[in-house]
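Here the structure is laid out as structure tokens; the discussion comes afterwards.
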């Protein structure tokens, strides 16, 4: 299986080069132009990403995540989401890497085949890193006012959180 997938990457790259040659496009020059554009986009969004990463680090280090988790656990248990999943639910919209660390800790503590492990896995796949996505995509095109984007995306994340718990309970 690995040899088959390893074969596709060179074939795709070769196909792109061949297509460019047939169309008379200088592929290398286009590649360089695209790389320059990508670099300028990275420079535009870097301040927003640094601010977001700093805020996430402060949120976790200050203990605010633990306090908020403890405060919301009774409500989450009432709504069918185990309290152990609240750190993941709270951090997922903010930081994908932070949520991945919490996800890994949940799998280590409870196992991937436990109810918590399964719900956490579905939650990881059905929610989005909302603030990161807004910072990257809106920042790359210099949009300052997000209007209803964050509100609607957070509602979608809430639905993903509660539906992941319900779905796992119904299917397993």
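Under the simplified labelling scheme, the residue 154-residue 142 pair shows an inter-label distance of 2.8 nm, with each label point 7 Å from Cα along Cα→Cβ. Counting other Cβ atoms within 10 Å as a rough exposure proxy, the listed residues 60, 44 run 44, 60 from fewest neighbours to most. Exposure proxy shown here: for 127, 3, 149, the number of other Cβ atoms within 10 Å sets the order, fewest to most, as 3, 149, 127. Each residue, residue 68 and residue 39, gets one label point 7 Å from its Cα in the Cβ direction; the gap between the two is 3.7 nm.
Helix 130-140 versus the longest principal axis of the chain: what is the Cα-based angle in degrees, 0 to 90, to the nearest 10? On a 0 to 90 degree scale, this one is about 30. Across the chain, Cα-Cα pairs more than 19 Å apart make up 68 percent of the total. Here 157, 29, 66 are placed in order of increasing Cβ neighbour count within 10 Å, fewest first, which gives 29, 66, 157.
Here, each number is a calculation from the coordinates, and none is a lab measurement. Given the structure is predicted, the values throughout are model-derived calculations rather than measurements. Heads up, the Cβs are rebuilt from the backbone with ideal geometry, glycines too, and the neighbour counts pull from every protein chain shown.
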